[in-house]
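The values are calculated or read from the model by the stated rules, or taken from the named source; none is laboratory data. A quick note: this is a predicted structure, and the numbers were derived from the prediction, not measured. Cβ atoms come from the backbone with ideal geometry, glycine included; neighbour counts cover every protein chain shown.
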């Protein structure tokens with residue numbers, strides 16, 4: 001029984017350590033951050049409803065400023081409910 005408890009604690013500790021050591025990539029984090037946001041104009045725009053709509057996200061440039069971080073990105077978007085894919089370029093400010 002004691003050995004089982006020690007093994008369980010060891011596995012939980014490794015899970016925590018590796019979870020902290022390998023955080024989500026910037027692109028994956030940005031995909032999650034974009035959910036719920038809208039891009040585009042009044043007539044035609046894109047509302048990010050899930051990370052799965054973003055088939056590809058490439059960070060072209062990142063500028064660090066004292067109070068914010070600005071990313072220049074290229075996106076490949078596809079709504080699973082509709083035909084076609086879209087390419088977009090955007091500036092994302094944190």
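Worth pointing out:
- Listed here are the strands (runs of 3 or more DSSP E) enclosed by the chain that have at least 2 residues being at pLDDT below 90: 38-40, 45-47.
- For the stretch 57-75, the tally of residues that are surrounded by 14 or more Cβ atoms within 10 Å (Cβ to Cβ) and within 14 Å of the chain's Cα centre (by Cα) stands at 5.
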